[in-house]
Amino acid sequence: MMKTLDKKGRWRSVIVSFRVSPEESADLNTRVRLSGLTKQDYIVKRLSERDIIVQPNTRVFKALRNQMTDILTELKRLESGGSVSEELLETIQLVAKTYNGLEEKKKS
C-alpha cells in the first residue's frame, strides 16, 4: 500500500475517533458535502478554527441541489400544519450561506 502525505508533506499516522448521535452525524455529513472537502479535512480545519473555503465544483453544486431537494420535500411535508425543526432551519441557513458565498466568488 502506498503511503500518502498531506498537502504540507506530513504523514498522517494518528487515528482520532469519537462518537456522535445519528442527528449529529447527519449534520456533519451535510456540512462536509456542502464544503467540497473530505470529512477528514473538514474536521481538521474546524478543530483548528480555520475558515472553510468552499471551492465551487460539480460535487459541491450537486450537493447543494440534492440538499435543496431534501429541504423542499421537508417543507412540503410541513405544509399541512407542522412546525419547522431547528435542524431544518440550520440546514437552510447553511445552504443559503454556501450558495451566497459561491455567488460572491463568481462575481469577483
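Can you tell me which residue in the range 71-97 is farthest from PHE18 (Cα to Cα), limited to those that are without any contact (Cβ under 8 Å) to a residue 12 or more places away in the chain and among the charged types (D, E, K, R)? Among them, the one singled out is GLU79. Checking each residue in the range 59-98 for being at pLDDT 85 or above, of a type in the set (Ser, Thr, Tyr) and either under 15 Å from the mean Cα position of the chain (by Cα) or loosely packed, with under 10 Cβ neighbours inside 10 Å (or both) picks out only THR91.
Identify all residues within the range 53-67 that are out of contact with any Phe, Trp or Tyr (no Cβ under 7 Å at 6 or more places or on another chain), within 14 Å of GLY101 (Cβ to Cβ) and of a type outside the set (Phe, Trp, Tyr); write none if there are none.
So the first thing to find is which residues in the range 53-67 are out of contact with any Phe, Trp or Tyr (no Cβ under 7 Å at 6 or more places or on another chain), and the list is 53-63, 65-67.
Among the residues that remain, those that are also within 14 Å of GLY101 (Cβ to Cβ) are: 53-57, 60-61, 63.
ILE53, VAL54, GLN55, PRO56, ASN57, VAL60, ALA63, listed by residue number.
Scanning the range 49-85 for residues that are over 20 Å from ARG33 (Cβ atoms) and in a helix (DSSP H, G or I) yields LYS76, ARG77, LEU78. For the range 1-50, a residue qualifies if it is within 17 Å of THR98 (Cβ to Cβ), β-branched (Val, Ile, Thr), free of Cβ contacts under 8 Å to residues at least 24 places away in the same chain and surrounded by 11 or more Cβ atoms within 10 Å (Cβ to Cβ), and exactly one does: VAL32. Could you grab me the full set of residues in the range 32-48 that are under 20 Å from SER17 (Cβ atoms) and either in a helix (DSSP H, G or I) or of a type in the set (S, T, N, Q) (or both)? Listed by number, the residues that qualify are VAL32, THR38, LYS39, GLN40, ASP41, TYR42, ILE43, VAL44, LYS45, ARG46, LEU47, SER48.
The values are calculated or read from the model by the stated rules, or taken from the named source; none is laboratory data. The model shown is predicted, which means the values in this text are computed figures rather than measured ones. Cβ: placed from backbone, ideal geometry, glycine included. Neighbour counts: every protein chain shown.
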